[in-house]
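To start, the structure itself, in structure tokens.
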Amino acid sequence: MKPVFFSLAALGLIFASPALADGDASWSAPHEPYRIVDNIWYVGTEGVGVYLITTDEGHFLVDAATEEGAAVVEDNIKKLGFDLKDIKYIVETHAHYDHVGGLAKLKADTGAELVASVADRSALEAGNHEGDNTNGPATFPAVKVDRIVGEGGTITLADTTLMARMTPGHTKGATTWTLTALDSGQPRRVAFASSVTVAGNVLVDNVAYPHIVRDYRITFDRLDTIPVDIFLPSHPVFADLEAKYQKQKTIKYPEDKAQPFVDPTEFPKFVAQSRADFEAELARQEAAKK
Ligand SMILES: [Zn+2]
């Protein structure tokens, strides 16, 4: 497999999202669901990560893919043998149509509460990206937010608690969700990480989002402090999930604990590369202004 941070696909995502009404065809394309660790399941499309976290008292869903991709997500949840009505909370990582376009359908079909940051709320309820962006309009079905979380806010079902970490910049309210999951009894620190790419955002004189540069830098500093054993990103390509999934098929789980999704060195490298990409794009935009 190609190295994740420099792959053409990843570079494409850096500049493509949230562009183009149809986006990348992989964002709505089917992908088979699979188990990542005891109670965490991949239920996304080929190109957009959506994760189901199951408990004895109901389930969480992280993100919803595109409007068209929502049907893929629902099929995947059912294929795994879970009931849509058992989903109690849906959380979002950031209000871009490739991750929240399917929220309205998933919320209606599950009856779950939608939990989001205060800074993403207005974008979700308007059905549009907020802030100056060179990628053009990127609308999605508007959806009502039921509960607001701030930095360090939590939601709990049974023995599983999801924590919200504010990681703004990519969108005003971009949120990275963390939890500790059991992997055959062993605790693993998991992050459902929001995208942190520039993605067409105007970094110099952004009228609708004036403090965007400060926010990105706060986010990179914050992400540097979060230890992550299992990195589950908004787009699977950012953590090369497909290669890990193919590798997982060749090992015996849970007997074999060396499972391919566990790598505490991966997330810090992702954050460092993302910070460098951001600073390079900021320098490029500043030079272009002069
Ligand atoms: Zn995005």
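The values are calculated or read from the model by the stated rules, or taken from the named source; none is laboratory data. All values derive from a computational prediction rather than experimental measurement. Note: ideal-geometry Cβ built from the backbone for every residue, glycine included; neighbour counts use all protein chains shown.
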Problem set entry | Per-region count, the range 167-207, residues of a type in the set (A, V, I, L, M, F, W, C), touching a helix residue (DSSP H, G or I) at 6+ places or on another chain (Cβ under 8 Å) and over 17 Å from VAL100 (Cβ atoms) | 5
Problem set entry | Yes/no for THR176 being surrounded by 21 or more Cβ atoms within 10 Å (Cβ to Cβ), among the polar types (S, T, N, Q) and in contact (Cβ under 8 Å) with a residue 12 or more places away in the chain | yes
For this session: Report, ordered by the first and then the second residue, all pairs with beta carbons closer than 7 Å, sequence separation of six or more or different chains, a first member in the range 241-266 that is more than 17 Å from ARG189 (Cβ to Cβ) and charged (D, E, K, R), and a second member that is part of a loop (DSSP other than H, G, I, E, B) and at pLDDT 90 or above.
Result: LYS247/PRO260
For this session: Quick one: in the range 184-211, of everything that is over 11 Å from ASP132 (Cα atoms) and over 21 Å from the mean Cα position of the chain (by Cα), which residue is nearest to the ligand (Cβ to nearest atom)?
Result: HIS211
Seminar exercise, completed: Considering residues that are modelled with pLDDT of 90 or more, surrounded by 15 or more Cβ atoms within 10 Å (Cβ to Cβ) and over 19 Å from the mean Cα position of the chain (by Cα), the number found within the range 132-142 is 2
For this session: Just need a number here: residues in the range 85-123 that are part of a helix (DSSP H, G or I), touching a strand residue (DSSP E or B) at 6+ places or on another chain (Cβ under 8 Å) and either crowded, with 24+ Cβ neighbours inside 10 Å or not small (Gly, Ala, Ser) (or both).
Result: 9
Seminar exercise, completed: In the range 64-90, residues that are within 15 Å of the ligand (Cβ to nearest atom) and either at pLDDT below 95 or among the hydrophobic types (A, V, I, L, M, F, W, C) (or both) total 2
For this session: Give just the number: which of (1) more than 16 Å from the ligand (Cβ to nearest atom); (2) within 13 Å of PHE261 (Cβ to Cβ); (3) surrounded by 15 or more Cβ atoms within 10 Å (Cβ to Cβ) does GLN246 not satisfy?
Result: (3)
Exercise. Right, VAL43: at pLDDT 95 or above, under 19 Å from LEU114 (Cα atoms), within 16 Å of the ligand (Cβ to nearest atom) and of a type in the set (A, V, I, L, M) or not?
Worked result: no
For this session: Could you tell me which numbered condition ASP205 fails, if it satisfies all but one of (1) at positive phi; (2) crowded, with 24+ Cβ neighbours inside 10 Å?
Result: (2)
For this session: Scan (1) modelled with pLDDT under 95; (2) surrounded by 14 or more Cβ atoms within 10 Å (Cβ to Cβ) for the single condition ARG275 breaks and write down its number.
Result: (1)
